[in-house]
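Chemist: This is the structure I have questions about; it appears just below.
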Amino acid sequence: MTATQIDLPPPFPDHTQLPESDGTFVKNFQEHPQSLILTDSIGPILQQRHPDGRYAIGQDCGIYWRETEPPEKGAEAPDWFYVPNVPPQLNGEIRRSYVLWREFLTPMIALEFASGDGEEERDATPLSVSPQGETIKPGKFWVYEQIMRIPYYGIYEVKNGKLEVYHLEDVYYQKLQPNERGHYLIAPLDVELGLWHGSYQNQTQLWLRWWDREGNLLLIGEERAVLERQRAEQAEQRAAKLAERLRAMGIDPDA
């Protein structure tokens, strides 16, 4: 009996073989600093949760969920997302994208910074085929909910200063209600997500930020440095006042 040769299909591509950009511009000047402030402030929390360093944060990076031609049609690129329990690099290489069929772990949370009214970010159009046989592009809300199954999805309308957060319950996203502080609890991270008005990188406006469960703002590195400097100055002032009192009592504080 002669064995029949079978031509196997090529393996699914990995992150080094897929485009890392679809060639579009970022939406506005706030998008990049907004991602930075989220990543910087939650860094200490994630380091505590992942002492082994196994987590990844994507900022406007593609998440590939199906193989298409061209490849970028099978990807969505949240403005910010966090994936627990995966290495930040693959085989020593910086991630070009996140490929679900290679890693199988979905992001815990994805955030979109909408320049418009959020219509694109709320698009729940399912993947389907038209009567003419053309594939109808699905909406990102549907992809996050039904395919990627991302537990938390936030939509921040930058222009309108409006934030919505959805939680995946069973099959569908349910819109969460804010707490008394106007924040949304992201339970797996034990943090809250909300809007903060202030200045960052020469822009004073509303920013998407994190708080702990007690309502304390999670600080970025620059804010932490200022706080430490203030504490050091206060300690020096207390020491100087104590030294003055001791001298008034005839005691040499340096003895």
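The values are calculated or read from the model by the stated rules, or taken from the named source; none is laboratory data. From a predicted model like this one, the values you see are computed outputs, not experimental measurements. FYI the Cβ positions are ideal-geometry reconstructions off the backbone, even for glycines, and counts take in every protein chain you see.
Chemist: Consider region 79-138. How many of its residues are of a type in the set (A, V, I, L, M, F, W, C), touching a residue at least 12 places away in the same chain (Cβ under 8 Å) and under 17 Å from W65 (Cβ atoms)?
Modeler: Of the residues in that region, 12 qualify.
Chemist: Regarding D123, is this residue among the charged types (D, E, K, R) and either out of contact with any Phe, Trp or Tyr (no Cβ under 9 Å at 6 or more places or on another chain) or under 28 Å from R54 (Cβ atoms) (or both)?
Modeler: No; evaluated as a whole, the condition is false for this residue.
Chemist: Which residues, taken from region 107-148, are of a type in the set (S, T, N, Q) and either under 16 Å from D60 (Cα atoms) or outside the structural domain of L206 (by TED's automatic domain parsing) (or both)?
Modeler: S115
Chemist: Here is a follow-up. When residues of region 24-42 are filtered for being in a loop (DSSP other than H, G, I, E, B) and either assigned by TED's automatic domain parsing to the domain that holds Y156 or in contact (Cβ under 8 Å) with a residue 12 or more places away in the chain (or both), how many remain?
Modeler: 5
Chemist: Let me ask something else about it. Which members of region 146-171 meet the condition of being surrounded by 12 or more Cβ atoms within 10 Å (Cβ to Cβ) and acidic (D, E)?
Modeler: E157, E164
Chemist: I've got another one for you. Specify which of the listed residues (R149, R245) is over 24 Å from S41 (Cα atoms), in contact (Cβ under 8 Å) with a residue 40 or more places away in the chain and not aliphatic (A, V, I, L, M).
Modeler: That would be R149, the only listed residue that is over 24 Å from S41 (Cα atoms), in contact (Cβ under 8 Å) with a residue 40 or more places away in the chain and not aliphatic (A, V, I, L, M).
Chemist: Inspect region 137-145 for any residue being assigned to a loop (DSSP other than H, G, I, E, B) and buried (at least 17 other Cβ atoms within 10 Å of the Cβ) and give the result as yes or no.
Modeler: yes
Chemist: Can I ask one more? Kindly indicate the residue of region 102-136 that is of a type in the set (A, V, I, L, M) and surrounded by fewer than 17 Cβ atoms within 10 Å (Cβ to Cβ) and also nearest to H183 (Cα to Cα) among those meeting that condition.
Modeler: Taking the candidates together, the pick is A124.
Chemist: Something else now. Filter region 43-68 down to residues that are of a type in the set (G, A, S) and either over 19 Å from A110 (Cα atoms) or in a strand (DSSP E or B) (or both), then give me how many there are.
Modeler: Number of matching residues: 3.
Chemist: Right, here's the next one. Please specify each residue of region 191-207 satisfying the condition of being free of Cβ contacts under 8 Å to residues at least 24 places away in the same chain and touching a strand residue (DSSP E or B) at 6+ places or on another chain (Cβ under 8 Å).
Modeler: Those that are free of Cβ contacts under 8 Å to residues at least 24 places away in the same chain and touching a strand residue (DSSP E or B) at 6+ places or on another chain (Cβ under 8 Å): E192, W196, H197, G198, T204.
Chemist: Give the number of residues within region 222-252 that are under 30 Å from W80 (Cβ atoms) and either modelled with pLDDT of 80 or more or aromatic (F, W, Y) (or both).
Modeler: Residues in region 222-252 being under 30 Å from W80 (Cβ atoms) and either modelled with pLDDT of 80 or more or aromatic (F, W, Y) (or both): 1 in total.
Chemist: Right, another one. Quick one: how many residues across region 209-253 are in contact with a Leu (Cβ under 9 Å, 6 or more places away or on another chain) and in a strand (DSSP E or B)?
Modeler: Adding up the residues that qualify gives 4.
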